[in-house]
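So the structure is just underneath, and the comments pick up after that.
The values are calculated or read from the model by the stated rules, or taken from the named source; none is laboratory data. For clarity, every value in this text was computed on a predicted model and none was experimentally measured. Cβ placement follows ideal geometry from the backbone for every residue including glycine, while neighbour counts extend to all protein chains displayed.
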Amino acid sequence: MQVGIFLTNQNPVGSDPVSALEEQLAMTRLARDRGWDLVATGQHYLTEGASQLQLVPFLSRLAAEAGHMTGVAGILLIGLHNPVEMAEMVASLVRAGVDVDRVVPRRRLEDAFLALVGDNSRGSGDR
């Protein structure tokens, strides 16, 4: 079994982003030093009332602190990005030592959701 930490990297608007980032990095170092296996983060595109660093630069920065830990990009809606930019971001993650296990190029949000949870999420159709 592997143990990891998921960092939201969401902070109240108006908070000090440098201090907030340092807190996230400190948590990553603590998890690393305690022998944890994974560090993960995700991205929300509409964060009303909160600020958030972009996923790929944030995860790349975490990789510098994570050492042996595997980096995980929880959800990245690649259909909302330019394909060339997306390829560059994934290549940057790989170069930073983040294991990119699967990239699913889906255009529709429903398809992206089904790729994560499987076709059984549709239910039996009795509704």
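Annotation: of all residues in the range 25-59 being surrounded by fewer than 18 Cβ atoms within 10 Å (Cβ to Cβ) and among the polar types (S, T, N, Q), the one that is nearest to GLN2 (Cα to Cα) is GLN54. Look at the range 64-89: where a residue is touching a residue at least 40 places away in the same chain (Cβ under 8 Å) and closer than 15 Å to VAL39 by Cα and a partner is among the basic types (Lys, Arg) and part of a helix (DSSP H, G or I), sitting 6+ places away or on another chain with Cβ atoms under 9 Å, you get GLU65/ARG29; GLU65/ARG32; MET69/ARG32.
Looking only at the range 12-54, count every residue that is on the phi > 0 side of the Ramachandran plot and either under 17 Å from the mean Cα position of the chain (by Cα) or at pLDDT 85 or above (or both) and tell me the total.
Within the range 12-54, residues that are on the phi > 0 side of the Ramachandran plot and either under 17 Å from the mean Cα position of the chain (by Cα) or at pLDDT 85 or above (or both) number 2.
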